[in-house]
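> If you scroll down you'll find the structure; I have some questions about it.
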Amino acid sequence: MPYTSWSYSWAKALYHSGDLGGTKTITKIALESEGTKSLTNQKIYFKTTTDDALTGTYEDPASSGYTLVYDGNYSVTAGWNEMILDTQFDYNGSDNLIVYWINEDGSEVSANFLATDASGENLIKVKGGDNSVPQEDGWSAYPDALPNIQFFYESDAPANPSNPLPANNR
């Protein structure tokens, strides 16, 4: 999910409500990686939206209705890598969810996070820079693929499903 082809970057991904299920409190996430990497100075924001697609427009997450859910470092190994959120997020169960990742690592890390094809759906937008997080409009990532992610939540229902959405497509 973090756009690590640049030293600094932002990336937004839109996950549809049909993939997320009903109302829940999201407590952690997991991303799938192909290798071992350590990323410093990472920030993750969540926001619900009724939009079905993203534009490449830059948004300042602090003033655009996003909730900061994680602020710290993220180390990954091959496979699924969990991250406990600093702030739990109350998902309303009906809107789509934007995951907005700010990478302030300061070095190009080339972390390969696995994703599922989302061609033509405008579900991921990115922008990178060499000296600071860019505050300009971004573009669709190439390839146009939605990062594989698992959302974990508190519930009295049965445990989290073992198959992630979107389906793993290697």
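> On full extension of the chain, what length is gained from Trp139 through Ala62, given 0.36 nm per residue of separation minus the C-alpha to C-alpha distance? Walk me through the intermediate numbers first.
Values: separation 77, 0.36 × 77 = 27.72 nm, distance 2.09 nm.
Length difference between fully extended and current span is 25.6 nm.
> Next question. Mind giving me the nanometre distance, one decimal, between the label points for Asp51 and Ala78, set 7 Å out from Cα along Cα→Cβ?
3.7
> Moving to a separate point now. Which whole-angstrom value gives the distance between the alpha carbon centres of region 65-115 and region 11-56?
First find each Cα centre; the distance between them is then 6 Å.
> Subtracting the Cα-Cα distance from 0.36 nm times the residue separation, let me have the gained length for Ser119 to Thr27 in nm, one decimal.
My answer for the length gained is 30.2 nm.
> Same structure again: What is the distance, in nm, between label points placed 7 Å from the Cα along the Cα-to-Cβ direction at Asp95 and at Glu34?
3.5
> Per residue, how large is the accessible surface of the chain? Use a 1.4 angstrom probe and give square angstrom.
Using a 1.4 Å probe on heavy atoms only, each residue of the chain averages 48 Å².
> With a 1.4 Å probe and all protein chains kept in place, how much accessible area does Glu104 have, in Å² rounded to the nearest 10?
Rounded to the nearest 10, the figure is 60 Å².
> From largest accessible area down, sort Lys24, Lys12; use a 1.4 Å probe on the protein chains.
So the residues, ranked largest to smallest area, are Lys24, Lys12.
> All other residues with a Cβ under 9 Å from the Cβ of Tyr8 taken together, and with Lys, Arg as +1 and Asp, Glu as -1, what is their net charge?
Surrounding charge for Tyr8 is -3.
The values are calculated or read from the model by the stated rules, or taken from the named source; none is laboratory data. Source: prediction; values computed, not measured. Note that each Cβ is placed from the backbone with ideal geometry, even for glycine, and that neighbours are counted across all protein chains shown. Ligands, DNA and RNA are excluded from the accessible area calculation, which covers all protein heavy atoms including side chains. Shrake-Rupley method; radii C 1.70, N 1.55, O 1.52, S 1.80 Å.
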